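Engineer: Sharing a structure, written as structure tokens. Questions coming.
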Amino acid sequence: MLRQSIGDTATYASEITKLNIALKGITKTSQEYADAQRAISLISNTLNVPVKEATAGFTKLSASVIGAGGNVNDAQIVFKGITTAIKATGGSATDVQSALLAMSQVFSKGKVSAEELQGQLGERLPGAVTAFAKATGRTLPQLSKDLEQGVVGLNDVMKFVIELEKTHAKTASDVAQSSEESGARMTVALDEVKLAIGQAFQPIGSEFQESITEMAKASVAAFKIFKEKLMN
């Protein structure tokens, strides 16, 4: 039981480590990487988003935002705006992941489509279409027409997420601090403990896995030699 628990924490730490390696590769400077990690920690602890999901979502989003010519600060603004709005409207960590995926797709394409706004994002964030129209100074018919013509750009997205954060910040904070969120807060706290323990045991697990790998390679080589001798 104890061995299994230690193994689970080491595996969890390894998954976080791999995500951090990816995030470090995406960011252009050590300062950007540090800023990204602080943004993840802040959102995780203030809005009760599990750190693994927060890291994965932010990493994918950052890759898309930077690829579109933005920077980590832009990714932080999008990340915070979307996560805050979903928390304020009663969404779950799964809703956050799906919404961030939709935003990643938007930045990858360089424009907003009705599919992402009305579909993927709208399903996770009630009132997303109306909020987008208001933030970008459009009527709903104008927004529908512009989406169809493919002229709703990334500047509009940034206006939208900034407005989301302003509109929903107070409610999101109230929800996150409520007694109903005690379970979510406990999950985030336990994940931090799991990560700390996993990081402590990770080197041991890594050495063990490397030993098994070398043994497996040696066994394969020995079997090949044995097979060659039998055939000769």
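Engineer: Against the conditions (1) open to solvent by 30 Å² or more (accessible area, probe 1.4 Å); (2) modelled with pLDDT under 90, where does THR46 fall short? Just the number, please.
Structural biologist: Condition not satisfied by THR46: (2).
Engineer: Consider ASP174 carefully, then state whether it is among the acidic types (Asp, Glu), at pLDDT 90 or above and open to solvent by less than 50 Å² (accessible area, probe 1.4 Å).
Structural biologist: no
Engineer: From ALA54, ALA36, ALA63, grab the single residue that is in contact with a helix residue (DSSP H, G or I) (Cβ under 9 Å, 6 or more places away or on another chain), of a type in the set (A, V, I, L, M) and open to solvent by 10 Å² or more (accessible area, probe 1.4 Å).
Structural biologist: ALA63
Engineer: Going through segment 165-184 one residue at a time, which ones are closer than 26 Å to SER62 by Cα and under 21 Å from the mean Cα position of the chain (by Cα)?
Structural biologist: Listed by number, the residues that qualify are GLU165, HIS168, ALA169, ALA172, SER173, ALA176, ALA184.
Engineer: Report yes if GLN97 is open to solvent by 30 Å² or more (accessible area, probe 1.4 Å) and modelled with pLDDT of 90 or more, otherwise no.
Structural biologist: Judged against the criteria, GLN97 is not a match.
Engineer: Does any residue in segment 11-34 that is over 17 Å from ALA196 (Cα atoms) come within less than 6 Å, Cβ to Cβ, of a residue that is open to solvent by 60 Å² or more (accessible area, probe 1.4 Å) six or more places away or on a different chain, and which pairs are these?
Structural biologist: Pairs found: TYR33/LYS24.
Engineer: Does segment 157-164 include one or more residues that are modelled with pLDDT of 95 or more, within 18 Å of SER62 (Cβ to Cβ), part of a helix (DSSP H, G or I) and open to solvent by 40 Å² or more (accessible area, probe 1.4 Å)?
Structural biologist: The answer is yes, given that some residue of segment 157-164 is modelled with pLDDT of 95 or more, within 18 Å of SER62 (Cβ to Cβ), part of a helix (DSSP H, G or I) and open to solvent by 40 Å² or more (accessible area, probe 1.4 Å).
Engineer: Kindly provide the set of residues from segment 138-171 that are among the hydroxyl-bearing types (Ser, Thr, Tyr) and under 25 Å from LYS87 (Cα atoms), ordered by number.
Structural biologist: Residues satisfying the conditions are THR167, THR171.
Engineer: If we scan segment 45-62, do we find a residue that is in a helix (DSSP H, G or I), within 11 Å of the chain's Cα centre (by Cα), closer than 20 Å to LYS159 by Cα and of a type in the set (A, V, I, L, M)?
Structural biologist: Yes, segment 45-62 has at least one match.
Engineer: Given the options LYS166, LYS145, LYS111, LYS159, name the one that is touching a strand residue (DSSP E or B) at 6+ places or on another chain (Cβ under 7 Å), farther than 30 Å from ALA13 by Cβ, without any contact (Cβ under 8 Å) to a residue 60 or more places away in the chain and not small (Gly, Ala, Ser).
Structural biologist: So the residue among LYS166, LYS145, LYS111, LYS159 that is touching a strand residue (DSSP E or B) at 6+ places or on another chain (Cβ under 7 Å), farther than 30 Å from ALA13 by Cβ, without any contact (Cβ under 8 Å) to a residue 60 or more places away in the chain and not small (Gly, Ala, Ser) is LYS111.
Engineer: Just the residues that are more than 15 Å from the chain's Cα centre (by Cα) and either part of a helix (DSSP H, G or I) or hydroxyl-bearing (Ser, Thr, Tyr) (or both), please, taken from segment 88-105.
Structural biologist: ALA88, THR89 - these are the residues of segment 88-105 that are more than 15 Å from the chain's Cα centre (by Cα) and either part of a helix (DSSP H, G or I) or hydroxyl-bearing (Ser, Thr, Tyr) (or both).
Engineer: Here's something else I'd like to know. Looking at (1) within 22 Å of the chain's Cα centre (by Cα); (2) more than 16 Å from PHE79 (Cβ to Cβ), which is the only condition MET158 fails?
Structural biologist: (2)
Engineer: Look at segment 126-151 and say how many of its residues are under 23 Å from PHE79 (Cβ atoms), modelled with pLDDT under 95 and not in a helix (DSSP H, G or I).
Structural biologist: 2
Engineer: Suppose we filter segment 66-87 for residues that are in a loop (DSSP other than H, G, I, E, B) and open to solvent by 40 Å² or more (accessible area, probe 1.4 Å); how many remain?
Structural biologist: 3
The values are calculated or read from the model by the stated rules, or taken from the named source; none is laboratory data. In this text, all values refer to a predicted model and were calculated from it rather than measured experimentally. Every residue, glycine as well, gets a Cβ built from its backbone with ideal geometry; the counts of neighbours run over all protein chains shown. Ligands, DNA and RNA are stripped out before the accessible areas are found, and what is left, the full protein with its side chains, is counted by its heavy atoms. Shrake-Rupley method; radii C 1.70, N 1.55, O 1.52, S 1.80 Å.
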